[in-house]
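Working notes, structure below.
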Amino acid sequence: FRQYVFAYEKELIDFIQNRGVHVIFHNCGHARKLFPLYQELGMHVYESLTPHPYGDTVLEEAFEVIGPDVTLHGHIDQIEFLRKAKREEVRGKVRQVLDVARKHGNFILGTSDYLSEDTPHENIFALAESAHEFGVC
C-alpha cells in the first residue's frame with residue numbers, strides 16, 4: 001500500500017479537501033495493518049471498522065493507532081450479526097461499542113458496510129433506537 005497506492009490516495013484526498021469537501025475513506029475487511037497510515041493520509045473520516053469475522057478491527061486499537069484527528073465510523077457487523085441477532089443482542093452490541101467510543105470521541109456509529117436486503121427491520125430499528133438511547137445524538 002505504501003509503495004504502490006499511498007501517494008495516489010493522498011493526492012486525491014488532498015485535492016478534494018483543498019476544495020472544502022470532507023473525505024470519508026472506506027476500506028472494509030482486513031484493514032488493521034493499514035491503520036498507522038490513515039492519519040497520515042489526512043482523511044476526515046475512516047469507515048468501516050469491520051470486526052471479526054469479516055475484518056480484523058479491534059475498536060480500542062483503531063482509536064489508539066489512527067488517533068483523534070480522524071473520525072471513525074462503523075463497527076457493527078451487518079453481514080452476520082445484524083441479520084441474525086436478537087433485538088436485545090443488538091442493543092447490547094451498540095452499548096458495548098459506544099462505551100468504547102465514548103472514551104475517545106470522534107465516532108459515528110454505523111454498520112461496517114451496507115445493509116443486506118434480508119436484515120430484519122426490527123434489528124435496524126433496535127440499532128437506531130439504541131444509538132439514540134446510549135449515544136449522543
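Structure notes:
- In the set (1) touching a Phe, Trp or Tyr at 6+ places or on another chain (Cβ under 8 Å); (2) farther than 23 Å from E129 by Cβ; (3) part of a helix (DSSP H, G or I); (4) aliphatic (A, V, I, L, M), I16 fails one condition alone, (1).
- Residue that is farthest from L72 (Cα to Cα) [pool: residues in the range 19-39 that are free of Cβ contacts under 8 Å to residues at least 24 places away in the same chain and out of contact with any Phe, Trp or Tyr (no Cβ under 7 Å at 6 or more places or on another chain)]: R19
- Test for G110: is it touching a residue at least 24 places away in the same chain (Cβ under 8 Å), outside any strand (DSSP E or B) and not polar (S, T, N, Q): no
- Only one of the listed residues (I108, I124) is touching a Ser or Thr at 6+ places or on another chain (Cβ under 7 Å) and surrounded by 13 or more Cβ atoms within 10 Å (Cβ to Cβ). That residue is I108.
- Within the span defined as the range 19-36, every residue fails to be under 20 Å from G135 (Cα atoms), of a type in the set (F, W, Y) and within 11 Å of the chain's Cα centre (by Cα).
- Selected residue [part of a helix (DSSP H, G or I), loosely packed, with under 15 Cβ neighbours inside 10 Å, modelled with pLDDT of 95 or more and out of contact with any Ser or Thr (no Cβ under 9 Å at 6 or more places or on another chain)] from E61, E40: E61
- Among the residues of the range 1-18, the ones that are free of Cβ contacts under 8 Å to residues at least 12 places away in the same chain, of a type in the set (A, V, I, L, M, F, W, C) and open to solvent by 60 Å² or more (accessible area, probe 1.4 Å) come to 3 in all.
- Subset of the range 99-137 [of a type in the set (A, V, I, L, M, F, W, C) and closer than 17 Å to V70 by Cα]: V100, A101, F107, I108, L109
- Which numbered condition V45 fails, given (1) crowded, with 16+ Cβ neighbours inside 10 Å; (2) under 14 Å from the mean Cα position of the chain (by Cα); (3) over 21 Å from G135 (Cβ atoms); (4) of a type outside the set (S, T, N, Q): (3)
- Only listed residue being crowded, with 17+ Cβ neighbours inside 10 Å, over 23 Å from F35 (Cβ atoms) and touching a strand residue (DSSP E or B) at 6+ places or on another chain (Cβ under 9 Å), chosen from A101, A131, A85: A131
The values are calculated or read from the model by the stated rules, or taken from the named source; none is laboratory data. Treat the numbers as computed from the prediction; the structure is a model and nothing was measured. Ideal geometry is used to build each Cβ from the backbone, glycine not excepted, and the neighbour counts take in all protein chains shown. Protein only, heavy atoms only, side chains kept; ligands, DNA and RNA dropped before computing areas. Shrake-Rupley method; radii C 1.70, N 1.55, O 1.52, S 1.80 Å.
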